[in-house]
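Have a look at the structure below, then the notes.
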Amino acid sequence: MKTIEVKGITKAFGSASVLKGVSFHASAGSSLAIMGSSGEGKTSLLHILGGLDSFDKGSIHIMGKDLAKDPLGMRRKHIGFIFQSYQLLDEFSLLDNILMPFFITKNTSFVKAHERAEALLQKVNLHKKKQQKAALLSGGEKQRAAIARALMNNPDILLADEPTGNLDRQHSEEIYDLLLSCAHELGKTVVIVTHDEQLASLCQEKRLLQDGLLR
């Protein structure tokens, strides 16, 4: 089954047309890297795919359902975001940051959510720092925590915006392994916007966003 199917998406900001008919699809367990020069609309596309921004024409179906009819509900149920700037809550503990999607959706019991958060911290090798404030983590640790948080509600799709943009090579390679294991081992669809050629080369598919089209 196609987890995400995008047909003819267009987006303009005023008189500037950024996306001019973007189409693609992806299935569970697949990884897609979207590359392109700055200003081509990669982050805008990612925000549209995740229901954070609207589009002008076209359609997006997530797990066979029309994203435009319920972007908030679809995002909470099916989509996890990983941001370049991490967007952790610095004054909260690492564990509370991982639990934040649960606190928003309350889609299971607290006991089960806590167990899942503990397991995810083990997966990203941060369990020993679970009570540490997020502000005290290194950049690599923050990005690993952001991946764990994105997985908290067990989404079908992970959307990652420049996930290695602020990291050195060693920490970038840790993120490569984590992201690709989400596809290979957990069966997630992973869509990554990146300038990182090495990360893109490790994905199953690599596309170029250029002149408003995905090539």
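Below, the figures for the structure above:
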| read-out | value |
| --- | --- |
| Filter pass, Ser54 being assigned to a loop (DSSP other than H, G, I, E, B), over 25 Å from Leu179 (Cα atoms) and without any contact (Cβ under 8 Å) to a residue 60 or more places away in the chain | yes |
| Residues (farther than 22 Å from Pro155 by Cβ, of a type in the set (D, E, K, R) and surrounded by fewer than 18 Cβ atoms within 10 Å (Cβ to Cβ)) located in the stretch 1-38 | Lys20 |
| Verdict on Ile104 being in a helix (DSSP H, G or I), touching a residue at least 12 places away in the same chain (Cβ under 8 Å), open to solvent by 70 Å² or more (accessible area, probe 1.4 Å) and closer than 22 Å to Asp161 by Cβ | yes |
| Pair list, Cβ < 7 Å and 6+ apart or interchain, from the stretch 197-215 residues that are closer than 20 Å to Cys182 by Cβ to residues that are β-branched (Val, Ile, Thr) and buried (at least 18 other Cβ atoms within 10 Å of the Cβ) | Leu199/Thr164; Leu199/Ile192; Ala200/Thr194; Cys203/Ile192; Arg207/Ile34 |
| Failed item in (1) within 16 Å of the chain's Cα centre (by Cα); (2) outside any loop (DSSP other than H, G, I, E, B), with Gly29 passing the rest | (2) |
| Selection count where residues are modelled with pLDDT of 95 or more and either in a strand (DSSP E or B) or exposed (fewer than 14 other Cβ atoms within 10 Å of the Cβ) (or both), scope the stretch 70-79 | 1 |
| Pairs, first aromatic (Phe, Trp, Tyr) in the stretch 161-188, second at pLDDT 90 or above and part of a helix (DSSP H, G or I), C-beta under 8 Å, six or more apart | Tyr176/Gln198; Tyr176/Leu199; Tyr176/Leu202 |
| Single residue of the stretch 84-101 satisfying the filter (under 14 Å from Lys129 (Cα atoms) and assigned to a helix (DSSP H, G or I)) that is most open to solvent (accessible area, probe 1.4 Å) | Asp96 |
| Any chance Asp156 is under 22 Å from Ile79 (Cβ atoms), among the acidic types (Asp, Glu) and touching a Lys or Arg at 6+ places or on another chain (Cβ under 7 Å) | yes |
| Given (1) open to solvent by less than 60 Å² (accessible area, probe 1.4 Å); (2) in a loop (DSSP other than H, G, I, E, B); (3) farther than 18 Å from Arg75 by Cβ, number of the condition Leu186 does not satisfy | (1) |
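Yes/no per residue for (1) closer than 20 Å to Ser31 by Cβ; (2) within 12 Å of the chain's Cα centre (by Cα); (3) surrounded by fewer than 20 Cβ atoms within 10 Å (Cβ to Cβ):
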position	(1), (2), (3)
Gly140	no, no, yes
Ala148	yes, yes, no
Pro155	yes, yes, no
Gln170	no, no, yes
Glu173	yes, no, yes
Tyr176	yes, no, yes
Leu179	yes, yes, no
Val193	yes, yes, no
Leu199	yes, no, no
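The values are calculated or read from the model by the stated rules, or taken from the named source; none is laboratory data. For clarity, every value in this text was computed on a predicted model and none was experimentally measured. For neighbour counting, all protein chains shown are included, and Cβ atoms are generated from backbone atoms with ideal geometry for every residue, glycine included. Calculation scope for accessible area: heavy atoms of the full protein, side chains included, ligands and nucleic acids excluded. Shrake-Rupley method; radii C 1.70, N 1.55, O 1.52, S 1.80 Å.
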